[in-house]
1. Whether any residue in the stretch 83-100 is acidic (Asp, Glu), surrounded by fewer than 17 Cβ atoms within 10 Å (Cβ to Cβ) and not in a strand (DSSP E or B) is what I want to check.
2. Tell me, which helices (runs of 4 or more DSSP H) wholly within the stretch 111-173 include 3 or more residues that are within 20 Å of the chain's Cα centre (by Cα) and at pLDDT 95 or above?
3. Determine which single condition Thr43 fails, assuming it passes every other condition in (1) in contact with a Lys or Arg (Cβ under 7 Å, 6 or more places away or on another chain); (2) under 22 Å from Phe117 (Cα atoms).
4. I'm checking my understanding of the structure. Among residues of the stretch 76-98 that are modelled with pLDDT of 95 or more and of a type in the set (S, T, N, Q), which one is farthest from Ala19 (Cα to Cα)?
5. Consider Leu187 carefully, then state whether it is surrounded by 15 or more Cβ atoms within 10 Å (Cβ to Cβ), at pLDDT 95 or above and not hydroxyl-bearing (Ser, Thr, Tyr).
6. Do the conditions hold for Leu155, that is, is it of a type outside the set (D, E, K, R) and within 20 Å of Ala25 (Cα to Cα)?
7. Every residue in the stretch 101-129 that is touching a residue at least 40 places away in the same chain (Cβ under 8 Å) and surrounded by fewer than 17 Cβ atoms within 10 Å (Cβ to Cβ), please.
Amino acid sequence: MFAITDLPDTIPLFPLPGALLLPRARLPLHIFEPRYLAMLDDTLKTEHRLIGMVQPREGSAKGGLQSIGCAGRLTAFSETEDGRYMITLAGMSRFRILSELEGFTPYPRADVAWDRFERDIGPTERDEGFRRVPFLDLLARYLEEKGLSTDWDSLKEADDELMLNSLSMLLPLSVGDKQALLEAPTLTDRRETLTALLEFSLHSGDDGTEVMQ
C-alpha cells in the first residue's frame, strides 16, 4: 500500500476523453499508439508504475487538459500479436497538474500534487446517507430510457463505493459529467452528483441504444 508521501512528483499522462478512473477502481485499456506504447515501456521500468488518466478540456483549441486527473497503477498487461497492449490500471489517487513538461518523451508528462486527495489512499469510503432502493429505482428508469442493461445481481451485492464508482465510470455520460464525478470530494458528493445527472437525463428526454457491460 502506498502512502501519499510515496507518490512521485512527476508522472506520465494519458489523455483520453470519457475514460474515467477513480480511486480503488479498475480500468481496462487498449494501448496502440506508438507514443503511448513508449509510455507503457517506460512505466514498466519504474517502481511505482503509475499512469495519470486525465480528460482533455472540452472545446479547447490547443488540446488543453483538465487540471484534476486520477493516477492508476499498472497491475496487468498482455501483448497482442499485432503489437498492442491490453492493460489494467488500479486507481490509486487523484492528482492536480502543476505544470506540463516539454520534451524528452513523445508522450505528455506533468509535475503533479497529491495534497487534498489523502482520502484516496485510505480505506474504502462509505456513504452513510445512501438510500439504495430509491437510487436503484432511479437507475432502472434511466437504463430503460437509454436502452441499457446491467447485471443487477452483481450491482445489488456491491458495496457503496464499488457500485457508485463503477456506475460513474461505465454509464454513457459526457466528458464534463465524468469530470464532475471525478472531482467530487467525497463518495457522498459523487452519489449526489450522479443522482442529479440521472434525474436531469430523465427529465431531458434523451434516448439511446447502447448496452452497458
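The values are calculated or read from the model by the stated rules, or taken from the named source; none is laboratory data. Here the structure is a predicted model, which means the values were calculated and not measured. For neighbour counting, all protein chains shown are included, and Cβ atoms are generated from backbone atoms with ideal geometry for every residue, glycine included.
1. Scanning the stretch 83-100, I find no residue that is acidic (Asp, Glu), surrounded by fewer than 17 Cβ atoms within 10 Å (Cβ to Cβ) and not in a strand (DSSP E or B), so the answer is no.
2. Correct list: 160-170.
3. Every listed condition holds for Thr43 apart from (2).
4. Ser93
5. For Leu187, the condition - surrounded by 15 or more Cβ atoms within 10 Å (Cβ to Cβ), at pLDDT 95 or above and not hydroxyl-bearing (Ser, Thr, Tyr) - is met.
6. yes
7. Leu101, Thr105, Pro106, Asp111, Asp115, Glu118, Arg119, Thr124, Arg126, Glu128, Gly129
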